[in-house]
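Shown next, in structure tokens, is the structure this report addresses.
The values are calculated or read from the model by the stated rules, or taken from the named source; none is laboratory data. Predicted model only: the values in this text are computed from it and were never measured. Virtual Cβ from ideal backbone geometry, glycine too; neighbours counted across all protein chains shown.
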Amino acid sequence: MAEGARPDTVRLQRLARAYRESGALLAAVELGLFTEIARGADTEETLAAALDLEPPNGERIVVACLGLGLIRREGGKLVNAPDVERFLVVDSRHYAASWMFFTRPDWNEWGQLADHLRRPGPPLEENASVADITVEEARRYHEATRAVGAGAGRHFARTTDLSGSTRMMDIGGGSGAYCIAACRANPELRAVVLDLPAVCEVARGYIAEADLSDRIEAVPCDFNQDDFPTDCDLAVMASNLPMYGRWQIAWVVKKTHDALLPGGEFHLIGEALAPDRSGPADAALWGLAQTLHASTGLAHSSAEVASYFEAAGFRDIAVEDFLPGILVRVSGRKG
């Protein structure tokens, strides 16, 4: 809005009805709409037939996807937008639909957010969203996050000097994506994924698939309670930040510092707020989501995370964008 212009309701209406955009996107993925366009059903008529949709429903979903910019018309034919073609066509090696559906189980609860916010009593010290996770739940979780996790792991390996590292621990390491990418980048590196028992079982499958079982192990560890290995000179913790409260993250940072070998580095990568806590929205909403689980989790600012590092005794503390607008990296070295 131009400075001095009279406020209107356009932005507020868009936010209030954003669930419609999410619903249209996920329905199109679930129907296979983008895949069928990529395979040649590139008119409204042939697409509706390929999706087995009765009129006017075929027209409705096509028009919605056009309006959202998910598809467009070129020379009378329907084509996918570039990001849709890359990530939402099932034949693509970059297919990431599972990640798009990752938070859908929470939809109904978001509709009751005010009730969750009014919940009496203190939050749970243990995050209910991961407590007692089963192997099946862990497998679903990491199948959903695998594509983005693998990409983040490769980015970490490309942007981190791994040449002097000998053993790495990934705290809450999930599928092992960071360890896999780091070990591929440094043939001398060995690694350990620390996570809950059910998650470790799933991680071992991914590690074996990468043919790295001789260099990467997955060891059951609740990082809120259990000790860390003391033979590592590199530590990573990624995408766990908003799931835990301030004292919990500060405690993990301190434990990591104390467990690392002298000169060892710790890289904490997560959805962090700007120092003034004014955004970005993605980090703020990941923190708000913890209301649904009654946990202590919240959005931490990058400045707060740096203060945890300083209090733990780390030196050479650095804060940088890891994936701009999405993930921030805070790193430090043990003296």
Does the stretch 140-161 contain any residue that is in contact with a His (Cβ under 8 Å, 6 or more places away or on another chain), surrounded by 12 or more Cβ atoms within 10 Å (Cβ to Cβ), at pLDDT 95 or above and closer than 25 Å to residue 183 by Cα?
-> yes
May I ask you to say which residue of 299, 235, 250 is aliphatic (A, V, I, L, M), in a loop (DSSP other than H, G, I, E, B), touching a helix residue (DSSP H, G or I) at 6+ places or on another chain (Cβ under 7 Å) and in contact (Cβ under 8 Å) with a residue 40 or more places away in the chain?
-> 299
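Quick grid of which residues meet (1) of a type in the set (Asp, Glu); (2) at pLDDT 95 or above:
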position	(1), (2)
5	no, no
12	no, yes
15	no, yes
20	no, yes
27	no, yes
30	yes, yes
37	no, yes
41	no, yes
47	no, yes
Quick one: how many residues across the stretch 269-301 are surrounded by fewer than 20 Cβ atoms within 10 Å (Cβ to Cβ) and farther than 15 Å from residue 113 by Cα?
-> 11
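Can you tell me how many residues within the stretch 253-289 are among the acidic types (Asp, Glu) and in a helix (DSSP H, G or I)?
Number satisfying all stated conditions: 2.
For every residue, the table says whether it meets (1) touching a helix residue (DSSP H, G or I) at 6+ places or on another chain (Cβ under 9 Å); (2) under 23 Å from residue 152 (Cβ atoms); (3) crowded, with 16+ Cβ neighbours inside 10 Å.
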| site | (1), (2), (3) |
| --- | --- |
| 60 | no, no, no |
| 71 | yes, no, yes |
| 74 | no, no, no |
| 80 | yes, no, yes |
| 101 | yes, yes, no |
| 123 | yes, no, yes |
| 135 | yes, no, no |
| 138 | yes, yes, yes |
Over the stretch 97-115, the set of residues part of a helix (DSSP H, G or I) and either free of Cβ contacts under 8 Å to residues at least 60 places away in the same chain or small (Gly, Ala, Ser) (or both) is 97, 98, 99, 105, 108, 114, 115
Kindly indicate whether residue 208 is loosely packed, with under 14 Cβ neighbours inside 10 Å, of a type outside the set (Phe, Trp, Tyr) and either touching a Phe, Trp or Tyr at 6+ places or on another chain (Cβ under 8 Å) or part of a helix (DSSP H, G or I) (or both).
-> yes
Run residue 35 past the list (1) hydroxyl-bearing (Ser, Thr, Tyr); (2) surrounded by fewer than 18 Cβ atoms within 10 Å (Cβ to Cβ); (3) within 19 Å of residue 69 (Cα to Cα) and report the number of the one that doesn't hold.
-> (2)
